[in-house]
1. Kindly indicate which of 238, 221 is more than 16 Å from ligand 3 (Cβ to nearest atom), touching a helix residue (DSSP H, G or I) at 6+ places or on another chain (Cβ under 7 Å) and over 24 Å from residue 86 (Cβ atoms).
2. Taking residue 292 as meeting all but one of (1) away from ligand 2 (no atom under 11 Å from the Cβ); (2) under 30 Å from residue 210 (Cβ atoms), write down the number of the exception.
3. Could you pull out the residue among 136, 170 that is in a loop (DSSP other than H, G, I, E, B), more than 23 Å from residue 279 (Cβ to Cβ) and touching a residue at least 60 places away in the same chain (Cβ under 8 Å)?
4. Please verify whether the range 253-260 includes one or more residues that are within 16 Å of ligand 1 (Cβ to nearest atom), among the polar types (S, T, N, Q) and farther than 24 Å from residue 200 by Cα.
5. Taking the residues in the range 225-252 that are without any contact (Cβ under 8 Å) to a residue 60 or more places away in the chain and hydrophobic (A, V, I, L, M, F, W, C) as candidates, determine which candidate is nearest to ligand 1 (Cβ to nearest atom).
6. If residue 71 satisfies all but one of (1) in contact (Cβ under 8 Å) with a residue 24 or more places away in the chain; (2) within 22 Å of residue 21 (Cβ to Cβ); (3) in the same structural domain as residue 33 (by TED's automatic domain parsing), what's the number of the condition it fails?
7. Out of all the residues in the range 229-240, is one or more surrounded by 19 or more Cβ atoms within 10 Å (Cβ to Cβ), within 16 Å of ligand 2 (Cβ to nearest atom) and among the hydroxyl-bearing types (Ser, Thr, Tyr)?
8. Can you tell me which of 279, 259 is closer than 18 Å to residue 124 by Cβ and modelled with pLDDT under 90?
Amino acid sequence: MSKRKLTKQQSWRIERIHKERMERTQKRADRAEETLQSSDLGPETEGIIISHFGTQVEVEGTQEPHVGVSTRCNMRANLGQLVTGDKVVWRPKHTEGGVVVARSDRDTLLQRPDMHGRLKPVAANIDFIVVVIAAEPAPHANLIDRYLVASETVDIPPVILLNKSDLIDESNAKDLEKLLKTYIDLGYQVIRTSIKNDEGMAELNEFLKDRISVFVGQSGVGKSSLIGTLLPDIEISVGELSQKRKKGTHTTTTARLFHMPIGGDLIDSPGIREFGLWHISEDELLEGFIEFRPHLGYCKFRDCSHEQEPGCAIREALDKGEITAHRFESYLRIRQSIRDNDAF
Ligand SMILES: Nc1nc2c(ncn2[C@@H]2O[C@H](COP(=O)(O)OP(=O)(O)OP(=O)(O)O)[C@@H](O)[C@H]2O)c(=O)[nH]1
Ligand SMILES: [Mg+2]
Ligand SMILES: [Zn+2]
């Protein structure tokens, strides 16, 4: 799971692309500043970021006369990265478009490193992380654990959603049940759904009501399909799995926020292959495995690596079955990926 080793030429190219991108961003920000100086702008008003496109954002007004209306906006340079769910202050242009001039403090922020190790926000001000898995493509336990660690680290409660329950048969039922049992035993809520036979959709609807939730997970598990089924009036793209490998085809490319008529917001996000946790410390990682918490600080050696040492409280818990082998292995794998990245 460590970053690909790059040749000098590749690194140089990536640096150049990054530099060009920064220059373009700066130019657009300069233009935003110029517009701010001109008299083309209306008064400040509040809004929420619905989606992010390269150097522009789609802002939905939350104050009259702009309530519910979306406007493409440039943004001031000093705002840092804006992300779906951010609450902002913006000024409409008299012609079209607008400029975002300020961002409110975030209650919560889910972020992850991109393939070059740079930390990118995924969504802001969310109450729940819905980790979507499916009967097909088959779930990766390590990816679920990574999402759970990320959720625990930023203190946004997660829920695990098993979608495509209509595709459960004797070929996959045992593995899925075993996997889910681990998380149910840990106290995580698990919801089962199917858009084909409607199983669990009412429960899901009720769960999401009046909350701001982000749907995350592998490509092809049905995140967009679920949102499209809950909100039949919206337009949302879904993609078939690839014929050969039965994998998702990365249909959703950018996070987007949708409103539920009964109250609450849903954020759809692009499917991912891996969720890097390079940005968290080894201590945070230990805390991120909630069943490790009661045992932390009880190892005989303060610098215990929980591998071979005598008197290791984590390994004792493992022997007693209080920690499962799957979760402990997952922990070791993630820890190794964090160490590999430090060495990079
Ligand atoms: N059998 C079955 N198929 C489903 C279900 N939900 C979604 N699908 C199918 O799964 C495929 C992928 O659905 P998407 O909604 O595009 O998946 P996604 O998670 O949004 O994928 P990305 O946008 O690539 O991350 C589509 O062919 C859907 O029709 C379900 O409950 N049962
Ligand atoms: Mg999608
Ligand atoms: Zn130990």
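The values are calculated or read from the model by the stated rules, or taken from the named source; none is laboratory data. This one's a predicted model, so the numbers in the text were calculated from it and none came from an experiment. FYI the Cβ positions are ideal-geometry reconstructions off the backbone, even for glycines, and counts take in every protein chain you see.
1. Working: 221 fails: touching a helix residue (DSSP H, G or I) at 6+ places or on another chain (Cβ under 7 Å).
Sole residue among the options that is more than 16 Å from ligand 3 (Cβ to nearest atom), touching a helix residue (DSSP H, G or I) at 6+ places or on another chain (Cβ under 7 Å) and over 24 Å from residue 86 (Cβ atoms): 238.
2. (2)
3. Step by step, each of 136, 170 is checked, and only 136 is in a loop (DSSP other than H, G, I, E, B), more than 23 Å from residue 279 (Cβ to Cβ) and touching a residue at least 60 places away in the same chain (Cβ under 8 Å).
4. Initial filter on the range 253-260 (within 16 Å of ligand 1 (Cβ to nearest atom)): 253-258.
Applying the additional criterion that residues be among the polar types (S, T, N, Q) yields 253-254.
Those still in the list that are farther than 24 Å from residue 200 by Cα too: 253-254.
Looking for residues that are within 16 Å of ligand 1 (Cβ to nearest atom), among the polar types (S, T, N, Q) and farther than 24 Å from residue 200 by Cα, one finds at least one in the range 253-260, hence yes.
5. Looking at the filtered set, the residue picked out is 238.
6. (2)
7. Yes, there is a match, as at least one residue in the range 229-240 is surrounded by 19 or more Cβ atoms within 10 Å (Cβ to Cβ), within 16 Å of ligand 2 (Cβ to nearest atom) and among the hydroxyl-bearing types (Ser, Thr, Tyr).
8. On the way: 259 fails: modelled with pLDDT under 90.
It is 279.
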